[in-house]
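The values are calculated or read from the model by the stated rules, or taken from the named source; none is laboratory data. Keep in mind it's a predicted model, so treat the numbers as computed, not measured. Every residue, glycine as well, gets a Cβ built from its backbone with ideal geometry; the counts of neighbours run over all protein chains shown. We work out accessible area using only protein heavy atoms, side chains counted, and drop any ligands, DNA or RNA first. Shrake-Rupley method; radii C 1.70, N 1.55, O 1.52, S 1.80 Å.
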Amino acid sequence: MVSIPFVKMVGAGNDFIIIEARADFDYAKFAKAVCDRQNGIGADGVLILEKSTQSDYRMRIINADGSEAEMCGNGARCMAAYIVMNLKPVKVLFGMETLAGEILAEAQGDVARVRLSSPKDYRPNLNITVANQKLEVHYIDTGVPHTIVFVDGLQEVNVNSLGALIRNHPRFAPRGTNVNFVERAREGMVAVRTYERGVEAETLACGTGSVAAALVAYLYAHPNVKKQKDAFMKVLTASKEILEVTFDLDEGYKIDNVWLKGSAKLIAKGEYFYV
């Protein structure tokens, strides 16, 4: 049995176990055990803080199923808050290396914000068939792959059933996709429920999914806007917390300077006894 120091944090409903890097350690096996909500601590994923030769810090993300994710927006915000609380960085704005590229982060109190890598591979108006139902969906990579489905009656959607089918649709092979069901709440705000790849279920929030939903909803609401600095959208998550997304838009759907802001709270810390 090994005693592993941990911190549990939650960002807008997404919960994570944070540990520091360990030599010769099976992170996939550990994540499956510690994220189990009955026999472990319970979490959507594990965040690992490592040293970086390319940035100030390096963050790895291991999903609850043991797979490694390229990026996690709410996880990055929790890691930023963890770094500020425990490492006391000299820089207010510091860098974190991820598999999706370097991101920038800052945190103060229970609020953290991160600048994500620039979105890519935007593909609007894709037609797919799922369970004999024709759907129009929209795809964008905000560090990890996301598919947007606009709906009316968000609370009536069977997110786990329909989300799983879209997540594994051949159109998105081999990586698969996260799936975000999005309803326009009011001007400048959308409500989102997300089926997360790697968790393989609905989560209470998804940072990169909230960003994807905000970007696609903004483009649809403002079809004639070709350039915009500091565009702004709010996203109401399933946890009822609101995330804020800002970005710059240029011609040809070029999106840059994407920031995600919201809560990042310490829940618990201690030792996990791992067999």
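Points to keep in mind about this one:
- Counting Lys and Arg as +1 and Asp and Glu as -1 over every other residue whose Cβ lies under 9 Å from the Cβ of Arg113, the net charge comes to +1.
- Shape call, region 27-145: gyration tensor on alpha carbons, a/c limit 1.5: oblate
- Dipole magnitude (debye, nearest 20) for region 28-169, charges at Cβ of Lys, Arg, Asp, Glu: 280
- Selection from Tyr27, Tyr122, Tyr218 lying farthest towards where the dipole of the chain points positive, charges on Cβ: Tyr218
- C-alpha center-to-center spacing [region 215-243, region 166-210] in angstrom: 15
- Charge tally around Leu87: other residues with Cβ under 14 Å, Lys/Arg +1 each, Asp/Glu -1 each, net 0.
- Rg over Rh for the chain works out to 0.96, both radii taken from alpha-carbon positions and Rh defined as the Kirkwood radius.
- All alpha carbon pair distances within region 201-272 were sorted into 10 Å bins beginning at 0; the resulting P(r) in whole percents reads 18, 45, 24, 10, 4, 0.
- Accessible area of region 13-145 belonging to carbon and sulfur atoms, whole % at 1.4 Å probe: 44
- Rg over Rh for region 118-275 works out to 0.99, both radii taken from alpha-carbon positions and Rh defined as the Kirkwood radius.
- Dividing the helix sum by the residues of the chain, where each DSSP H run of 4 or more adds -39500 (n - 2.57), gives a mean residue ellipticity at 222 nm of -5500 deg cm²/dmol.
- Cleavage-rule hits (trypsin sites (Lys or Arg not before Pro)) in region 63-117: DSSP loop, at most 15 neighbouring Cβ within 10 angstrom: Lys91
- In region 176-217, GluC sites (Glu not before Pro) in a DSSP loop with at most 10 other beta-carbon atoms within 10 Å: Glu187
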